[in-house]
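We did not get these values from a lab; they are worked out from the coordinates using the rules stated. Fair warning: this is a prediction, and the values are worked out from it, not measured in the lab. Don't worry about glycine lacking a Cβ; one is built from the backbone with ideal geometry, like all the others, and counts go over all protein chains shown.
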Amino acid sequence: MLNTRLLPLRNDRAQLRAMIGDDAAAYAAGTADPLVRRYAHLPEPAYTEASVAALIDGEIRHGLERGDLAVLTIADPETDRFAGSLVLFDIADEEAEVGFWLHPHGRGKGLAADALELAAELARRSGLLRLTARTLPENEASQRVLERCGYIRGDRTRTVTPSGAEALAVHYSRDLG
């Protein structure tokens with residue numbers, strides 16, 4: 001399980017923290033972005049500010065309290081402005097899967113890589129030994145970020161995404177030891 005009492009975590013370019021109600025509008029707007037729609041495979045087909053606020057107060061808060069699901073905000077460390085989302089899910093004794101997406105205004109600043117490093121720190125300090133990730137073969141930007149952060153490319157297999165769709169995915173893993 002994750003020790004979410006370690007949150008928030010920050011470095012020079014990113015902050016990783018629990019989602020708050022003020023994030024709902026930006027999260028909903030970000031999920032409407034064509035690249036997020038194409039690659040993130042979010043569980044819901046559409047999000048509104050109200051639906052995100054309900055998730056923050058419900059499933060997201062409960063997952064953090066239990067330590068078995070962490071839907072987190074990637075924020076600018078100086079302004080605390082929502083820049084994207086990182087989720088740790090399928091958390092087991094030794095590993096978890098990580099997924100991430102950036103709002104269009106957060107791209108091109110190194111936030112994804114920095115957020116992945118903060119997620120690795122959270123996982124390691126929580127006692128996990130490995131993080132996994134998967135992405136579509138055509139999502140070269142995410143593949144570059146994962147590889148820059150020390151994730152090792154694995155097999156391509158058919159998989160079921162968080163949205164429930166079946167897709168070909170490239171699998172990655174990173175040992176935290």
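Remind me, relative contact order of the range 4-131 in percent, using alpha carbon pairs under 8 angstrom and six or more residues apart?
About 29 percent, as a whole number.
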Among Thr135, Val145, Leu88, which residue has its Cα positioned farthest towards the positive end of the charge dipole of the chain, with +1 placed on the Cβ of Lys and Arg, -1 on the Cβ of Asp and Glu, and the dipole taken about the Cα centre? Val145
Hey, could you pull the Cα Rg and Dmax for the range 20-177, both in Å? 14.8, 40
Suppose only helical runs count, i.e. DSSP H with n ≥ 4. What mean residue ellipticity at 222 nm does that imply for the chain under -39500 (n - 2.57) per run, divided by all residues and rounded to the nearest 500 deg cm²/dmol? -8000 deg cm²/dmol
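What does the charge dipole of the chain about its Cα centre add up to, to the nearest 20 debye, if the Cβ of each Lys and Arg holds +1 and the Cβ of each Asp and Glu holds -1? Don't skip to the answer; put the middle values down first.
Working: 21 positive and 27 negative charges, 83 e Å.
Computed about the Cα centre, the dipole is about 400 debye.
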Once phi is turned into ³J(HN,Hα) by the Karplus curve 6.51 cos²θ - 1.76 cosθ + 1.60 with θ = phi - 60°, what whole-Hz value does each residue of the range 76-83 show in order, with x for glycine and proline? 5, x, 8, 9, 6, 6, 4, 10
Between Gly108, Gly154, Gly67, where does the largest GNM mean-square fluctuation fall for the chain, given springs only between Cα atoms within less than 10 Å? Gly108
Tell me, His103, His171 in order of fewest to most beta-carbon neighbours within 10 Å? His171, His103
Ascending count of other beta-carbon atoms within 10 Å, so fewest first, for Asp155, Asp114, Asp80: Asp155, Asp80, Asp114
In nm, the gap between the two label points placed 7 Å beyond Cα toward Cβ at Glu59 and Asp80 is 2.6
Give the residue from Trp101, Leu6, His41 lying farthest towards the positive end of the charge dipole for the range 4-131; charges sit on Cβ (+1 for Lys and Arg, -1 for Asp and Glu) and the dipole is referred to the Cα centre. Trp101
